[in-house]
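Student: Would you mind keeping the following structure in view while I ask a few things?
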Amino acid sequence: MKVVVVGASGRVGSKVVAALLGQGHTVVACVHSHNPFETHARLHVVTLDVHDQVKVAEVISGSQAVISTVSSWKSESGDVLTSAMQAVVPAMQQAGVRRIVSLTGNAAFTPRDHPTVFQKANRAALAKIAPNVLADGEKHMAVLATSSLDWTVIRSPVMNKLGKETYQLRSNLSGTTATIHRQAVAQALVDQLTDATWLHKTPTIWRS
């Protein structure tokens, strides 16, 4: 399978690329500027600005799936996820590519959620610290939800290098502010390419 990874040079994105290559896939790794990858026969690195809809369409043409690990943290525009989806979705539809898996934080809610008081407080705290990041995560889910694509959005707590590299996906917002290993998140994103369990859903990821 030829998979486009948007946000490939990040801490999670680079692990996604490694996992895909390890499974024998061909990978188009989209980076903003820095290329951290060594040469590989099935790896093609492309410099990509997600706001460039023409270039996004060129990159996606000929692929079978897309994984997005982009983030608005430290970005000036604060709309990286939403802008990426606004470019990626029509490009995928035009190219006949259906499967897309995306990543955002677990403080991003959907209309179907039933958050607890604690979870509402956690979201309110993030809204004060990084309102653009939170809004971007929720808007990008809305873009996918109104598309005709086979989409899944994994919502994650804080990611680091601690704990086991295994995971479980849940349909609700259960859990607290526990962290999760980046490798577990990367593997979950890759696993969704061949798992239809969470089609058109926004599961949260937790340590198993």
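The values are calculated or read from the model by the stated rules, or taken from the named source; none is laboratory data. Here the structure is a predicted model, which is why all the values come from computation and not from measurement. We place every Cβ from the backbone using ideal geometry, glycine too, and count neighbours over all the protein chains shown. Heavy atoms of the whole protein, side chains included, go into the accessibility calculation; ligands, DNA and RNA do not. Shrake-Rupley method; radii C 1.70, N 1.55, O 1.52, S 1.80 Å.
Student: Summing Lys, Arg as +1 and Asp, Glu as -1, what charge do residues with Cβ under 15 Å from the Cβ of residue 60 carry, residue 60 excluded? Walk me through the numbers before you get to the answer.
Tutor: Working: positive: 2, 55, 98, 99; negative: 49, 52, 58, 150.
It works out to a net charge of 0.
Student: Report, in degrees rounded to the nearest 10, the 0 to 90 angle that the Cα long axis of helix 131-145 makes with the longest principal axis of the chain.
Tutor: With both axes taken from Cα atoms, the answer is about 60 degrees.
Student: Going toward the positive end of the dipole of the chain, with +1 on Lys and Arg Cβ and -1 on Asp and Glu Cβ, which of 173, 197, 152 do you reach last?
Tutor: 173
Student: So what are the chain's ellipsoid semi-axes, whole angstrom, largest first, if each one is the square root of 5 times an eigenvalue of the alpha-carbon gyration tensor?
Tutor: Details: eigenvalues 129, 70, 54 Å².
Ellipsoid semi-axes (Å, largest first): 25, 19, 16.
Student: Roughly to the nearest percent, how much of the accessible area of the chain is carbon and sulfur, given a 1.4 Å probe?
Tutor: On the way: 5330 of 10100 Å².
Percent of accessible area from carbon and sulfur atoms in the chain: 53.
Student: Additional query: Hey, how many Å between the Cα centroid of segment 120-163 and the Cα centroid of segment 1-73?
Tutor: Cα centroid to Cα centroid, the span is 20 Å.
Student: Between helix 13-22 and the chain, what is the angle of the helix's C-alpha long axis to the longest principal axis, kept within 0 to 90° and rounded to the nearest 10?
Tutor: On a 0 to 90 degree scale, this one is about 60.
Student: Let me ask something additional. Give me the Debye-computed log₁₀ of I(q)/I(0) at q = 0.34 Å⁻¹ for segment 169-208, equal point scatterers on Cα only, no solvent, two decimals.
Tutor: Here log10 of I(q) over I(0) equals -1.28.
Student: Give the ranking of 206, 73, 198 by solvent-accessible surface, highest area first, calculated with a 1.4 Å probe.
Tutor: Details: 206 15, 73 145, 198 40 Å².
Correct descending sequence by accessible area is 73, 198, 206.
Student: Using the alpha-carbon atoms, what tilt in degrees (0 to 90, nearest 10) does helix 80-95 show relative to the longest principal axis of the chain?
Tutor: 50
Student: Then there is this: Lysine pairs, Cα distance under 25 Å, 8 or more residues apart or cross-chain: how many in the chain?
Tutor: Lysine pairs satisfying the spacing and distance rule in the chain number 20.
Student: Check which residues have an amide H placed less than 5 Å from residue 25's amide H, if you skip close sequence neighbours.
Tutor: none
Student: Using the Karplus curve 6.51 cos²θ - 1.76 cosθ + 1.60 with θ = phi - 60°, what ³J(HN,Hα) values do you get for each residue of segment 155-166, in whole Hz, with x for Gly and Pro?
Tutor: So the J values, rounded to whole Hz, are 9, 10, x, 4, 9, 8, 10, 9, x, 6, 9, 9.
Student: Could I ask something else about it? Can you tell which of 29, 41, 16 lies farthest toward the positive end of the dipole of the chain, using +1 and -1 charges on the Cβ of basic and acidic side chains (Lys, Arg; Asp, Glu)?
Tutor: Result: 16, furthest along the dipole toward the positive end.
Student: Suppose all protein chains stay in the model; what accessible area per residue would a 1.4 Å probe give for segment 66-188, in Å²? Intermediate results must be reported in sequence, preceding the final value.
Tutor: Numbers: 5950 Å² over 123 residues.
It amounts to 48 Å² per residue over segment 66-188.
Student: Also, I was wondering about something else. Can you sort 1, 141 by 1.4 Å-probe accessible area, starting with the largest?
Tutor: Largest to smallest exposure gives the sequence 1, 141.
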